[in-house]
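**Student:** Just dropping this structure here.
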Amino acid sequence: MNFTSEQHAIIHSSGNIKINAVAGSGKTSTLLGYAKERRNAGPILYIAFNKSVKLEAERKFALLELSNVKVETAHSLAYSFIVKGSPYKVKRNGGYKTHEIVEVLGLKKYKQPHTEFVIANHINRYVVLFCNSDKPKVQDLNYEEILTDERALNFVRKFREVILQQTRLFLDKMNKGEIEIIHDFYLKKFQQSLPQLPYEFILFDEAQDASDAMLDVVIRQQATKVIVGDTHQQIYGWRFAVNSLEKVDYPVYNLTRSFRFDHEIAALACRILQWKSHLGLYAGSQIYGLGTTTSVRQRAILARTNVGLLSKAVELLIDKKVVKKIYFEGRIESYTYADEGASVYDILNLYLGRRHLIKDKLIASMKYFSELEEYIDKTEDAALGLIVEIVKKYQRNLPDYIKQIKDAHVENHEKDKAGMIFSTVHRCKGLEYDEVTLVNDFITEDKIIKLGKEIGFNKLSKDKLAEEINLLYVAVTRTRNVLNIPEELLPKSKINVIRKPETINPDEKFVEQYRLKPLSKSPENQRNKGLPWKPREDDELTVMFCEGKTVSAMARKFGRSPGAIRARINRLELPELYGIPF
């Protein structure tokens, strides 16, 4: 295995270190090299982000015959210490529904409709917040700090004592085994037990999205610790994850060369990250693209939200019929809108006034759809809010669309037969594709600037906006070759592209200018797509070109794609005729 100088430095390092590794920079290969260099040393623990990463890591370590390496996820490690051999029973499907918490705690009814359900929702979030924290007691946390909506904040202030006491009671019931425990609970109990793990080295991967609880476990160990992640790939703040790279004071090593994509994608990624400058959160970034992939075998649609992803699936599979077989990353049933009998159908029935068909107890307690929207405002329940958006968009057509999507979905082992892969960014983290097309539901630089001017940059929720920028960065860096990106998502300033490191010293400041090719506007904005150009249009195009109008402005004017505009400008030889660079 050939390593770069950056990788060599990490492999031959000593003591506790942290590694800031850009997307596609050979992080796993580096950790394999680190472990191989210590194959005759003591036992090594590799903590993977999730089960799929764990299985892949086990396979790779086994191929190198590294018998001293044990691979675990944070939860599998905690499970073996706390749950295995104990009377505890783990709750299926991950956690408790709101109405289940109302029943378990016997929350009383209030005069205001649905108040007990709103309280239960906040109890649920409070429990998750505590279990992912490193705090010893629930009351050591200020739950109100995580709320941003004024209505939700006012509600919690009014019922502060009830929420706190019932949260403690709910945790106590799990601790005594009176009710089933959730995964976050046994992770918290693992952290509170102050375990000493029998390892000489600990490799802690994806540390930018670790919980405070698990980070506390790791840093307490006597082992040599290697904390690995990418500061700009932190996208689980909504799950109360923390960036461990910023919380440990270890010597810093960097992996800046990406073997996944080329220098043009690297430049775009850097420019997107520079949007954090508007928030005062940007400390610079270096990404050198070394990718050379030219084939396109795997194509993917990536979206910020389930709503955006469903919309694109309906467009390509049902409206345009351009794909026949599709695959959704993860189990298709795990997507909010794809599970038969899930609350999406209950919410649809509420929307259509068919309350007698509703099964979910929370939704059944609502008389009107407006009550559900009010509940979402008071709880900041983003997942429920997304389902509401889906229902309002597709209404009666929704069940049929879901059925068609499920009928076209291939099995997990037939993923390579899918004409298109669909995924939200959260579900494809760590994965890569030959061609990536982004749905236009991500944050834009214009929106950040606009929010700053309207609200005031000092009043913005900067961490949340930074995470939105991270989501776009992660999406962009999933491609190995082709990236189709809506023009609105492109940075407004020119793209500075750093030359490949093998041609220059990476520390030098030489740059080249590259022109990125954005994804064509959606067909509804291309009313003249495929139609011949008229003499009058050529005259108008010439005037706009000489006036210095942008390609996007000309595309909107003529109802054609930016690519068609560029092609026509070159066909008319306007740059040569008027001496204007293009």
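Matching residues to (1) among the basic types (Lys, Arg); (2) over 21 Å from Pro198 (Cβ atoms); (3) modelled with pLDDT of 95 or more:
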| site | (1), (2), (3) |
| --- | --- |
| Met1 | no, yes, no |
| Thr4 | no, yes, no |
| Gly24 | no, yes, no |
| Ser29 | no, yes, no |
| Ile47 | no, no, yes |
| Leu64 | no, yes, no |
| Lys70 | yes, no, yes |
| Tyr79 | no, no, yes |
| Val83 | no, no, yes |
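**Student:** Also, quick follow-up: Tell me yes or no: at least one residue of the stretch 285-299 is within 20 Å of the chain's Cα centre (by Cα), on the phi > 0 side of the Ramachandran plot and of a type outside the set (A, V, I, L, M, F, W, C).
**Tutor:** no
**Student:** In addition: Let me confirm something: among Arg556, Arg566, which residue is in a helix (DSSP H, G or I), open to solvent by less than 50 Å² (accessible area, probe 1.4 Å) and charged (D, E, K, R)?
**Tutor:** Details: Arg556 fails: open to solvent by less than 50 Å² (accessible area, probe 1.4 Å).
Answer to the selection: Arg566.
**Student:** Taking Ile326, is it open to solvent by less than 10 Å² (accessible area, probe 1.4 Å), farther than 30 Å from Thr231 by Cα and either under 22 Å from the mean Cα position of the chain (by Cα) or not charged (D, E, K, R) (or both)? Explain how you work it out, then say what you get.
**Tutor:** Numbers: open to solvent by less than 10 Å² (accessible area, probe 1.4 Å): yes; farther than 30 Å from Thr231 by Cα: yes; either under 22 Å from the mean Cα position of the chain (by Cα) or not charged (D, E, K, R) (or both): yes.
Spelling it out, Ile326 is indeed open to solvent by less than 10 Å² (accessible area, probe 1.4 Å), farther than 30 Å from Thr231 by Cα and either under 22 Å from the mean Cα position of the chain (by Cα) or not charged (D, E, K, R) (or both).
**Student:** Here's another thing I want to ask about it. In the stretch 189-218, what residues are of a type in the set (S, T, N, Q) and crowded, with 18+ Cβ neighbours inside 10 Å? Quick ask: steps written out before the conclusion?
**Tutor:** Pass one, the stretch 189-218, residues of a type in the set (S, T, N, Q): 191-193, 196, 208, 211.
Within the stretch 189-218, Gln191, Gln208, Ser211 meet the criteria.
**Student:** State whether the residues of the stretch 219-230 include one that is open to solvent by 10 Å² or more (accessible area, probe 1.4 Å), closer than 23 Å to Ala466 by Cα and in contact with a Leu (Cβ under 8 Å, 6 or more places away or on another chain).
**Tutor:** Scanning the stretch 219-230 turns up no residue that is open to solvent by 10 Å² or more (accessible area, probe 1.4 Å), closer than 23 Å to Ala466 by Cα and in contact with a Leu (Cβ under 8 Å, 6 or more places away or on another chain).
**Student:** Against the definition (among the charged types (D, E, K, R) and within 16 Å of Ala207 (Cα to Cα)), how does Lys60 come out, yes or no?
**Tutor:** Numbers: among the charged types (D, E, K, R): yes; within 16 Å of Ala207 (Cα to Cα): no.
So Lys60 does not fit the description; no.
**Student:** Still on this structure: Which of (1) under 24 Å from Leu215 (Cβ atoms); (2) of a type in the set (Ser, Thr, Tyr); (3) modelled with pLDDT of 90 or more is the odd one out, the single condition Tyr236 does not satisfy?
**Tutor:** The failed condition is (3).
**Student:** Could you give every pair whose Cβ atoms fall below 8 Å, whose first residue belongs to the stretch 363-388 and is under 19 Å from Glu144 (Cβ atoms) and at pLDDT below 90, and whose second residue is open to solvent by 20 Å² or more (accessible area, probe 1.4 Å) and aromatic (Phe, Trp, Tyr), counting only separations of at least 6 or pairs across chains?
**Tutor:** Ala382/Trp238
**Student:** Condition first: within 29 Å of Thr4 (Cα to Cα), surrounded by fewer than 20 Cβ atoms within 10 Å (Cβ to Cβ) and of a type outside the set (Ser, Thr, Tyr). Now tell me which residues in the stretch 272-290 satisfy that.
**Tutor:** Gln274, Ala283, Gly284, Gln286, Leu290
**Student:** Moving to a separate point now. For His409, only one of the following conditions fails: (1) over 12 Å from Ile347 (Cα atoms); (2) touching a residue at least 60 places away in the same chain (Cβ under 8 Å); (3) out of contact with any strand residue (DSSP E or B) (no Cβ under 8 Å at 6 or more places or on another chain). What is its number?
**Tutor:** (3)
**Student:** Something else now. Look through the stretch 137-164, keep the residues that are at pLDDT 95 or above and open to solvent by 90 Å² or more (accessible area, probe 1.4 Å), and return whichever of them is nearest to Asp212 (Cα to Cα).
**Tutor:** Lys137
**Student:** Another one. Scan the stretch 244-271 for residues that are crowded, with 21+ Cβ neighbours inside 10 Å, polar (S, T, N, Q) and not in a helix (DSSP H, G or I) and report the count.
**Tutor:** The qualifying residues number 1.
**Student:** Is there a residue being open to solvent by less than 30 Å² (accessible area, probe 1.4 Å), in contact with a Leu (Cβ under 7 Å, 6 or more places away or on another chain) and farther than 29 Å from Ile265 by Cβ anywhere in the stretch 15-31?
**Tutor:** So far as the stretch 15-31 goes, no, none of its residues is open to solvent by less than 30 Å² (accessible area, probe 1.4 Å), in contact with a Leu (Cβ under 7 Å, 6 or more places away or on another chain) and farther than 29 Å from Ile265 by Cβ.
**Student:** What is the residue count in the stretch 323-358 for residues that are assigned to a loop (DSSP other than H, G, I, E, B) and at pLDDT 90 or above?
**Tutor:** As a first pass, look at the stretch 323-358 and keep what is assigned to a loop (DSSP other than H, G, I, E, B): 323-325, 329-331, 335-342, 352-354, 358.
Adding the requirement that they be at pLDDT 90 or above leaves 323-325, 329, 352-354, 358.
So the count comes out to 8.
**Student:** Could you run through the stretch 531-553 and say how many residues are open to solvent by 80 Å² or more (accessible area, probe 1.4 Å) and at positive phi?
**Tutor:** The number of residues fulfilling the criteria is 0.
**Student:** For the stretch 58-80, which positions are farther than 26 Å from Phe185 by Cβ and either surrounded by fewer than 14 Cβ atoms within 10 Å (Cβ to Cβ) or aliphatic (A, V, I, L, M) (or both)?
**Tutor:** Residues satisfying the conditions are Arg59, Ala62, Leu63, Leu64, Glu65, Leu66, Ser67, Val69.
**Student:** Just give me the residues in the stretch 291-304 being among the aliphatic types (A, V, I, L, M), surrounded by 15 or more Cβ atoms within 10 Å (Cβ to Cβ) and under 18 Å from Asp416 (Cα atoms), in sequence order. Don't jump to the end; show me each part of the working.
**Tutor:** First, pick out the residues of the stretch 291-304 that are among the aliphatic types (A, V, I, L, M): 296, 300-303.
The next check asks that each one be surrounded by 15 or more Cβ atoms within 10 Å (Cβ to Cβ); those that pass are 300-303.
If the condition is that a residue be among the aliphatic types (A, V, I, L, M), surrounded by 15 or more Cβ atoms within 10 Å (Cβ to Cβ) and under 18 Å from Asp416 (Cα atoms), then Ala300, Ile301, Leu302 are the ones that fit.
**Student:** Could you please let me know if Tyr186 is open to solvent by 30 Å² or more (accessible area, probe 1.4 Å), farther than 27 Å from Asp463 by Cβ and touching a strand residue (DSSP E or B) at 6+ places or on another chain (Cβ under 9 Å)? Steps first, please.
**Tutor:** Details: open to solvent by 30 Å² or more (accessible area, probe 1.4 Å): no; farther than 27 Å from Asp463 by Cβ: yes; touching a strand residue (DSSP E or B) at 6+ places or on another chain (Cβ under 9 Å): yes.
Spelling it out, it is not the case that Tyr186 is open to solvent by 30 Å² or more (accessible area, probe 1.4 Å), farther than 27 Å from Asp463 by Cβ and touching a strand residue (DSSP E or B) at 6+ places or on another chain (Cβ under 9 Å).
**Student:** Oh, and also: Given the options Lys60, Lys91, name the one that is under 26 Å from Leu194 (Cβ atoms) and either of a type in the set (Ser, Thr, Tyr) or out of contact with any Phe, Trp or Tyr (no Cβ under 7 Å at 6 or more places or on another chain) (or both). Spell out how you get there, then give the answer.
**Tutor:** Numbers: Lys60 fails: under 26 Å from Leu194 (Cβ atoms).
Being under 26 Å from Leu194 (Cβ atoms) and either of a type in the set (Ser, Thr, Tyr) or out of contact with any Phe, Trp or Tyr (no Cβ under 7 Å at 6 or more places or on another chain) (or both) holds for just one of Lys60, Lys91, which is Lys91.
The values are calculated or read from the model by the stated rules, or taken from the named source; none is laboratory data. This structure is a prediction, so every number in the text was calculated from the model and none was measured. Every residue, glycine among them, receives a Cβ derived from its backbone with ideal geometry; neighbour counts consider all protein chains shown. Surface accessibility is based on the protein's heavy atoms, side chains included, excluding ligands, DNA and RNA. Shrake-Rupley method; radii C 1.70, N 1.55, O 1.52, S 1.80 Å.
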